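Below is one structure, written out as structure tokens; the observations come after it.
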Amino acid sequence: MNCEWREKADLYVDNELEPAARQEVARHLLTCAECAAVVMDQHEFKKTVRVAGRRFSAPPELYAAVRKQVHPRESVSPWWKRGLANGVFASDGRSCLLSLLPAEGK
Ligand SMILES: [Zn+2]
């Protein structure tokens, strides 16, 4: 695999080329068996991964770990924020409950 177009063939498979460059690579693939084979192999590999992705799903722990790696700043709400939110909600609920009770002295 020494064709100088190899890297462009990889970009072609990943659809990361501008239209003009993509056409240029497509023309090259018609004349270079080496690059054509690489492109076919990579298309097959991508198809296999896509099909497997439909059949299997990641466990929630793995999904969360990967998501944390991809979005390191995104975090689950800390316990004190959730507690505060629940406290506010409870407070609102108590207020609503109190408003349903008869007023004192009537
Ligand atoms: Zn080539």
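Bear in mind these aren't lab numbers, they're just calculated from the coordinates by the rules spelled out. Predicted model, so just to flag it, every value in this text is computed and none were measured. Cβ atoms come from the backbone with ideal geometry, glycine included; neighbour counts cover every protein chain shown.
Across the stretch 22-62, the qualifying residues are those that are more than 22 Å from residue 11 (Cα to Cα) and of a type in the set (Lys, Arg), and the one among them that is nearest to the ligand (Cβ to nearest atom) is 54.
If a residue has to be among the aromatic types (Phe, Trp, Tyr) and in a helix (DSSP H, G or I) to count, how many in the stretch 10-61 make the cut? Break it down into steps so the answer makes sense when it comes.
First pass over the stretch 10-61, keeping only residues among the aromatic types (Phe, Trp, Tyr): 12, 45, 56.
Checking which are in a helix (DSSP H, G or I) leaves us with 12, 45.
Residues meeting the conditions: 2.
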